[in-house]
1. Can you tell me the order of 42-55, 68-81 when each peptide is scored by its average per-residue count of other Cβ atoms within 10 angstrom, highest first?
2. Quick check on the chain: helices-only [θ] at 222 nm, where DSSP H runs of length 4 and up contribute -39,500 (n - 2.57) each and the sum goes over total residues. Nearest 500, please.
3. How high is the relative contact order of the chain, in percent, with contacts defined as C-alpha pairs under 8 Å that are six or more residues apart?
4. Carbon and sulfur together cover what percent of the accessible area of segment 54-192 at a 1.4 Å probe radius?
5. Can you give me the solvent accessible area of residue 102 with a 1.4 Å probe, rounded to the nearest 10 Å²?
6. What do you reckon, how do 148, 67 stack up by accessible area (1.4 Å probe), largest on top?
7. Compute the convex hull volume of the Cα atoms of segment 46-99, divide it by the residue count, and report the result per residue in Å³ as a whole number.
8. Chymotrypsin sites (Phe, Trp or Tyr not before Pro), restricted to segment 101-173: which are DSSP loop and have at most 13 other Cβ atoms within 10 Å?
Amino acid sequence: MPRGYFQAGRSRRLYFAIPLYIGSSRHIMFPQGGSQIPFTIGNYAYADQFGRETVTWIRTFKFPQKIRRFDATMIYSRKHNKIVDYLGTKQHLAVDLDISAVPGGGIRIRSGQQRFYERFLQFRFPRLLTGEADVTEWYDDAQEKYRISVQVNNPLLGTIFRYAGSFQAYFIDTGKQPIPLDVKPLREERRE
């Protein structure tokens with residue numbers, strides 16, 4: 001399980017932070033910022049209720065006054081021919097991911113089209129209303145650590161969320177134990 005520290009930027013304007021406050025209730029980003037914030041990332045692979053190969057990413061950030069989570073569940077979508085990342089506890093937000101190699105080693109993940117699902121409601125977000133994520137992750141041979149840099153921008157507002165940090169990876173053999181309930185989403189979305 002990766003553990004490390006990160007530094008997060010906080011929005012200077014309240015209206016930038018409103019969506020982050022709303023998202024924090026569903027474990028989708030958050031408005032806090034700081035330096036040397038300890039975090040863990042728990043990854044679990046399993047088949048979801050629709051039989052799709054799935055990997056969860058449970059990021060837990062331990063701020064001095066609050067613990068925040070950012071949950072994501074990835075599947076491969078044959079329909080979109082790419083990875084789809086469902087964000088949050090109820091998979092309301094589905095985001096297409098474009099993944100590429102970084103020169104010199106590492107991986108870059110950029111968010112693409114974003115869709116909202118809630119019961120019978122579904123729509124695509126117009127680009128001007130989205131947060132476009134740009135994530136780079138690599139292994140730093142000199143420091144013997146993994147490094148990560150995340151920036152989420154809006155075409156009109158600029159940077160709305162960012163963090164950077166380093167971590168060590170630990171692999172824990174869970175054997176044939178079931179996936180812990182607190183890492184699975186409360187609702188799984190069939191629509192991709």
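The values are calculated or read from the model by the stated rules, or taken from the named source; none is laboratory data. Keep in mind that what you see is a predicted model, and the values were worked out from it rather than measured. When we count neighbours, we look across all protein chains shown, and the Cβ atoms used for this are built from the backbone with ideal geometry, even at glycine. The protein model used for the area step is the full one, side chains on, heavy atoms only, and it has no ligands, DNA or RNA in it. Shrake-Rupley method; radii C 1.70, N 1.55, O 1.52, S 1.80 Å.
1. Order by mean packing, descending: 68-81, 42-55.
2. Helix contribution divided over all residues of the chain: -1500 deg cm²/dmol.
3. RCO, the chain: 21 percent.
4. Result for segment 54-192: 54 percent of the exposed heavy-atom area is carbon or sulfur.
5. We get 40 Å² for residue 102.
6. The most accessible residue leads, giving 67, 148.
7. Roughly 98 Å³ of hull volume per residue.
8. Hits after loop and neighbour filter: 120, 170, 171.
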